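Here the structure is laid out as structure tokens; the discussion comes afterwards.
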Amino acid sequence: MKTDYASFPHEPGRGFMHSIKDKTSLGTSFFELIAVAFGMTLQLHDDMIRYALNNKIEAAKNLSIPG
Amino acid sequence: MHYNKGENFPSNEKIGRSIASLANTYGGWYIVGIKTDAHNVANDVCGFVLADYPDPISKVREVIKSHIEPVPLFFSQVVNITSDRTVLVVNVPSGQGTPFISRDGRIYRRTHDSSDPIPETSRYAIDRLVDDGRQIQKRFEKFCRDERTFSKGESESITWVNLFLSPYPLGVIETFGIHSSGNIEKLIQQSQIPFVVPIEGIEGTTGHMPFTCARPTLNSIILEQIEPSRAAFNSISVELFYDGRAKLLIPLQYYPSFPRDNLQSPITKQLMSEIIDSDDQNNASCLRFFDIENLWWVVVTLLAYYQHWLGDQPFITDFKCALKINEAWRAVPFFDGDAWGTHVKQFGLLS
């Protein structure tokens, strides 16, 4: 998993810019922030995504979160 | 609109000043290869000789990069009018972070009664340019608010992961007809059919987030996934704005209890058992575990849905993005993998 570490340290409140051409990495850019905000390291973030892709790829086919 | 008069390519300095002046004012079009009359009205598309300037797009790009600070957004194209003559068209979008300073240290602007860019000498006007540039960031910060109303129970117990996206520059696109019944129906239908979820290094992954409810506001459409009986409460939602902005509002789903049963990872299973066995006072029950893997799927799927809706936009280069997480007290990201257990053994529990 390619990770762009350039967005850290992140300045809260100002957000970040993401190139519209990099469609595949928009999720990564956002989720790195989410993961670190919840106390995960970027390494654990990458491990989690690898785990998700290897083991539960079918889960994405029917996501459901009732309110 | 700014024309460079005549058949010759202008000097680098003149190109830089003209583009900077458009970026500092209301944006516009810069065209090379147009003849104008004495009143600066275009009266002939003469073009310039392509053999003299074989790569005009590269030339103007290099000039802009070397003559303007910061480099403004621009889009250039050539239009061949004969086999050997061409016209260069450069579009400079409005709404950029002003001021743009030219290489000679001046700030050029356009005025309605002058065909050429003029250096700004008014302190008030320069202050306004600086303020205009700051307003872009302030407008985005104002956009990044969750303006929904919550009951006391909701606001205290539910963690929200909120993502905000705004195309840059803003104001270039408008999604007309967003409020029509047909468009709303189409948005719901698109959410119910699996679509490609772009993930770095992985191809062919699909997913979807089926929405069940859609309602228009004055400038947006809000799509929600909610059962009719729970319509009184806030739920996962995507708000799509007519100008391309979006708010993705995601509630975290916590495990009902400490996750220790039916775990697949032996490392994580052993770790969780050790935590529970050493917890004489049941303090661990205060922790709120949630499935970070599921949250990742939700985020990438909703972002894909948004990008799918936005489509290919040639006049947008970037997204301005922001993340806000509310009420995440004692929240613990969890996934049933060896990596999670190994990490916690090494660095301690995440919360």
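Every listed requirement among (1) outside any helix (DSSP H, G or I); (2) over 19 Å from B:Asn326 (Cα atoms); (3) modelled with pLDDT of 55 or more is met by A:Leu53 save one, (1). The condition (being surrounded by 13 or more Cβ atoms within 10 Å (Cβ to Cβ) and of a type in the set (Phe, Trp, Tyr)) is satisfied by just one residue among B:Phe164, B:Phe176: B:Phe164. Based on what the data block shows, is B:Thr98 surrounded by 13 or more Cβ atoms within 10 Å (Cβ to Cβ), in contact (Cβ under 8 Å) with a residue 40 or more places away in the chain, hydroxyl-bearing (Ser, Thr, Tyr) and within 30 Å of B:Tyr242 (Cα to Cα)? So B:Thr98 passes the test.
Identification of strands (runs of 3 or more DSSP E) wholly contained in segment B:165-269 with 1 or more residues that are within 30 Å of A:Tyr51 (Cβ to Cβ) yields B:220-224, B:237-241, B:246-251.
For segment B:80-93, the count of residues that are of a type in the set (Val, Ile, Thr), touching a residue at least 24 places away in the same chain (Cβ under 8 Å) and within 27 Å of B:Gln135 (Cα to Cα) is nonzero. Applying a threshold of 9 Å to beta carbon distances and a minimum spacing of six or more residues, or different chains, the list of pairs starting in segment B:127-150 at a residue that is within 9 Å of B:Thr98 (Cα to Cα) and in contact (Cβ under 8 Å) with a residue 60 or more places away in the chain and ending at one that is part of a loop (DSSP other than H, G, I, E, B) and of a type in the set (Gly, Ala, Ser) is empty.
Residue selection: B:Gln264 satisfies the criterion of being touching an Asp or Glu at 6+ places or on another chain (Cβ under 6 Å) and surrounded by fewer than 17 Cβ atoms within 10 Å (Cβ to Cβ). Look at (1) facing chain A (nearest Cβ under 7 Å); (2) of a type in the set (Gly, Ala, Ser); (3) part of a helix (DSSP H, G or I) and you find that B:Ala322 fails only one, number (3).
Looking across segment B:278-319, just one residue is in contact with a Pro (Cβ under 9 Å, 6 or more places away or on another chain), under 25 Å from B:Tyr254 (Cα atoms), touching a residue at least 60 places away in the same chain (Cβ under 8 Å) and not in a helix (DSSP H, G or I), and that is B:Phe290.
Just need a number here: residues in segment B:138-152 that are in a helix (DSSP H, G or I) and touching a Gly at 6+ places or on another chain (Cβ under 8 Å). Residues that pass the stated criteria total 2. Within the option set B:Asp116, B:Asp131, being acidic (Asp, Glu) and farther than 17 Å from B:Tyr30 by Cα holds for one residue only, B:Asp131. Does B:Gly105 satisfy the condition of being at pLDDT 90 or above, small (Gly, Ala, Ser) and either out of contact with any helix residue (DSSP H, G or I) (no Cβ under 7 Å at 6 or more places or on another chain) or more than 19 Å from B:Pro10 (Cβ to Cβ) (or both)? Answer is yes for this residue. With respect to the conditions (1) under 21 Å from B:Val161 (Cα atoms); (2) surrounded by 12 or more Cβ atoms within 10 Å (Cβ to Cβ); (3) among the hydrophobic types (A, V, I, L, M, F, W, C), B:Ile202 falls short on a single one, namely (1).
Within segment B:329-351, being in contact with a helix residue (DSSP H, G or I) (Cβ under 7 Å, 6 or more places away or on another chain), more than 8 Å from chain A (Cβ to nearest Cβ) and part of a loop (DSSP other than H, G, I, E, B) holds for B:Arg330, B:Asp336.
Taken over segment B:307-342, the criterion of being of a type in the set (A, V, I, L, M) and within 13 Å of the chain's Cα centre (by Cα) is satisfied by B:Leu310, B:Ile316, B:Ala322, B:Leu323. The single condition from (1) out of contact with any helix residue (DSSP H, G or I) (no Cβ under 9 Å at 6 or more places or on another chain); (2) surrounded by fewer than 15 Cβ atoms within 10 Å (Cβ to Cβ); (3) not aliphatic (A, V, I, L, M) that B:Asn183 fails is (2).
Quick check on segment B:210-231: of everything there that is of a type in the set (A, V, I, L, M, F, W, C) and more than 9 Å from chain A (Cβ to nearest Cβ), which residue is surrounded by the fewest Cβ atoms within 10 Å (Cβ to Cβ)? It comes out as B:Leu218. Looking for something in contact with a Ser or Thr (Cβ under 9 Å, 6 or more places away or on another chain), within 13 Å of chain A (Cβ to nearest Cβ) and charged (D, E, K, R) - is there at least one such residue anywhere in segment B:257-265? Checked segment B:257-265: no residue is in contact with a Ser or Thr (Cβ under 9 Å, 6 or more places away or on another chain), within 13 Å of chain A (Cβ to nearest Cβ) and charged (D, E, K, R). How many residues does segment B:159-209 contain that are of a type outside the set (Phe, Trp, Tyr), more than 7 Å from chain A (Cβ to nearest Cβ) and under 30 Å from B:Leu287 (Cβ atoms)? Residues meeting the conditions: 2.
The values are calculated or read from the model by the stated rules, or taken from the named source; none is laboratory data. Computed from a predicted structure; not experimentally measured. FYI the Cβ positions are ideal-geometry reconstructions off the backbone, even for glycines, and counts take in every protein chain you see.
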